[in-house]
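J.: Attaching a single structure in structure tokens format; questions to follow.
The values are calculated or read from the model by the stated rules, or taken from the named source; none is laboratory data. Predicted model only: the values in this text are computed from it and were never measured. All Cβ positions, even for glycine, are placed from backbone atoms using ideal geometry, and neighbour counts span all protein chains on display. With ligands, DNA and RNA removed, areas are computed over all heavy atoms of the protein, side chains included. Shrake-Rupley method; radii C 1.70, N 1.55, O 1.52, S 1.80 Å.
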Amino acid sequence: MTYIIYSHQQLQLKSIARLKQIYSEIGCTVEVTDKRCKDSWISAIANYQASKIQKLAPTALDNQALAQAELDHFIAGQAQAVAPEPLTIVEISFSDHEYYAGNQLIASITHDDNLTQSWVVMVNGKEVFRANTLMRCDRFICTHYKDGTLPVEAEVQGSRGAEGNATKLS
């Protein structure tokens, strides 16, 4: 059963008769030294409430920590379902970039000097997107990879190219 927790200021405003009623309602077991003194009733009620709060607080924190851990685990699982692995970008040269998920090549970006939209996204050796900036191609790859609508290339044989230039996306 739950009861209202009274502050010291709230108890000061109560009459002795009301303090006695509160004492019995909450099931207080602290002995009142002087039953005619208002301060004795107030200190008895305050001490009883403090002892109950100290006993309940660790349990509440444990339940909260358990619930938070469960929520964090659920969110991590959902994030894993949306984007199973972070993408790694390998910059081969200024005009060539490769995107990997683990050891699997997802897409590549190349530069074509002859066209207005000179940045090209290639997947499985086929052009799937063109844009006028490298960042638009990057956004296209990241968005469609997270959505699961980007076709996937086969496993990579050997090294990834210029490992020193690899960066992780989050």
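J.: Using θ = phi - 60° and the Karplus form 6.51 cos²θ - 1.76 cosθ + 1.60, what ³J(HN,Hα) does each residue of segment 41-46 get, whole Hz, x for Gly and Pro?
T.: With the stated coefficients, segment 41-46 comes to 5, 4, 5, 5, 5, 5 Hz.
J.: Tell me, what is the 1.4 Å probe accessible area of Asp72, in Å² to the nearest 10?
T.: Solvent-accessible area, nearest 10 Å²: 80 Å².
J.: Can you give the net charge of the other residues whose Cβ lies under 12 Å from the Cβ of Leu115, counting K and R as +1 and D and E as -1?
T.: -2
J.: Let me ask something additional. Stretch Asp96-Ile5 to full length: gain in nm at 0.36 nm per residue minus the Cα-Cα span?
T.: On the way: separation 91, 0.36 × 91 = 32.76 nm, distance 6.71 nm.
Working it through step by step, the gained length comes to 26.0 nm.
J.: Let me ask you something else. What net charge do the residues around Ala131 carry, taking every other residue with its C-beta under 10 Å from that of Ala131, with Lys and Arg at +1 and Asp and Glu at -1?
T.: Net charge in that neighbourhood comes out at +2.
J.: Return the carbon/sulfur percentage of the accessible area of segment 81-135, one whole number, probe 1.4 Å, all protein chains in place.
T.: The nonpolar share, carbon plus sulfur, comes to 52 percent.
J.: Would you mind checking which residues have amide H under 5 Å from Phe129's amide H? H placed 1.01 Å from N; only 5 or more apart, or other chain.
T.: The list, which skips near neighbours in sequence, is Val121.
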